[in-house]
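Remarks on the structure that follows.
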Amino acid sequence: MQLTHFLSGRYFSDLLQHGREVDITISRKDDSLLRHSTIDMERWFAKSSHEMPKQNGFPLALALLLFLLVFALDMLTMLAMVPSLPSPLHALLFFAPSILFILSNLTVTYLIARGKTAGLLWYSGVYHSLALVSLLLLFCALVTGDMQHCLLMVIALCLWFGCRYLFNSRAFIAFVLFCRTQRIAALARAMRLARN
């Protein structure tokens, strides 16, 4: 747990922990949810979208871009380590996983924007998986003495550190908390209305 906390950063880890606690509260479907909201907050979030302050989704878009770049560098390096593949198979092995990666991350980004912790958990899993793969590929490149692949993996790890910085930035945390609060307020409002 401490290693994950260190790799992800303190604020991102706290954001995940808070999200788990919120999910537990929501899953109970009892009055504990109402203690996380107020009538004024629910009214404020019930406003139409053009009355709400514009939220900056740029941190999510940038995180997605950094993930894609690290993924592409890892895939290209892995495929370059198997040079005997025919060109069509080489292209298929790059583009098929890339398309799946893009689609899954776009779906998860939507979940984060809806205030769901599952999206952050996915981001955390991808973040740690990319770090592990990049480190393993860097080790393999160092063992074989391939400096070009070493350089690509150093770039991938720098982009990974960029993800860590972004995940712990104010803009990212503020956006996630806004979306999460909006979800809590909507659920609490629905619960209050159902009881009246």
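The values are calculated or read from the model by the stated rules, or taken from the named source; none is laboratory data. Keep in mind the model is a prediction, meaning the values are calculated, not measured. A quick note on method: Cβ atoms are made from the backbone with ideal geometry, for glycine too, and the neighbour counts reach across all protein chains shown. Surface areas here come from the heavy atoms of the whole protein model, side chains and all, with no ligands, DNA or RNA. Shrake-Rupley method; radii C 1.70, N 1.55, O 1.52, S 1.80 Å.
When averaged across all projection directions, what area in nm² does the alpha-carbon convex hull of the range 143-196 cover?
5.9 nm²
Tell me the per residue accessible area of the range 42-137 using a 1.4 Å probe; a whole number in Å² is fine.
Solvent-accessible surface per residue comes out at 55 Å².
Can you give the translational diffusion coefficient of the range 1-77 in µm²/s, computed by Stokes-Einstein from the Kirkwood radius over Cα pairs at 25 °C and 0.890 mPa s? List each step's numbers first, then the result.
Numbers: Rh = 16.3 Å.
D = 151 µm²/s.
May I ask you to give the percent of accessible area on the chain that is carbon plus sulfur, with a probe radius of 1.4 Å?
69 percent
With a 1.4 Å probe and all protein chains in place, put M153, M147, M81 in order of accessible area, largest first.
Of M153, M147, M81, the descending order of accessible area is M147, M81, M153.
Please express the shape of the range 68-196 as an equivalent ellipsoid: the semi-axes are the square roots of 5 times the eigenvalues of the C-alpha gyration tensor, given largest first in whole angstrom.
39, 17, 9
Could you please report the charge total around L62, scoring K, R as +1 and D, E as -1 over all other residues with beta-carbon less than 15 angstrom from its beta-carbon? Provide the component values of the computation, followed by the final result.
Details: positive: R164, R170; negative: none.
Here the count lands on +2.
Between D14 and L136, with labels modelled 7 Å along Cα→Cβ, what's the label distance in nm to one decimal, could you check?
For the pair D14/L136, the computed spacing is 3.4 nm.
Where does the chain land at 222 nm, in deg cm²/dmol rounded to the nearest 500, when only DSSP H runs of n ≥ 4 count, each adding -39500 (n - 2.57), divided by all residues?
-27500 deg cm²/dmol
Round to a whole angstrom and tell me the spacing of the C-alpha centers of the range 166-196 and the range 63-135.
One Cα centre to the other: 28 Å.
Would you tally the net charge around Q17, using a Cβ to Cβ cut-off of less than 13 Å, leaving Q17 out, and scoring K and R as +1, D and E as -1?
0
Can you compute the FRET efficiency between V143 and L89 using 1/(1 + (r/R0)^6), with r the Cβ-Cβ distance and R0 = 22 Å? Round to the nearest 0.05.
E between V143 and L89, to the nearest 0.05, is 0.30.
For L65 paired with S129, estimate the spin-label separation in nm (one decimal), with each label point 7 Å from Cα along the Cα-to-Cβ line.
2.3 nm
Would you mind calculating the relative contact order of the chain from Cα pairs under 8 angstrom and at least 6 residues apart, reporting the percent as a whole number?
Relative contact order comes out at 39 percent.
For N56 paired with W44, estimate the spin-label separation in nm (one decimal), with each label point 7 Å from Cα along the Cα-to-Cβ line.
2.0 nm
Using the alpha-carbon atoms, what tilt in degrees (0 to 90, nearest 10) does helix 10-28 show relative to the longest principal axis of the chain?
In the chain, helix 10-28 runs at an angle near 50 degrees to the longest axis.
Which listed residue (V70, L111, A185) has the Cα farthest towards the positive end of the charge dipole for the chain, taking +1 on Lys and Arg C-beta and -1 on Asp and Glu C-beta about the Cα centre?
A185
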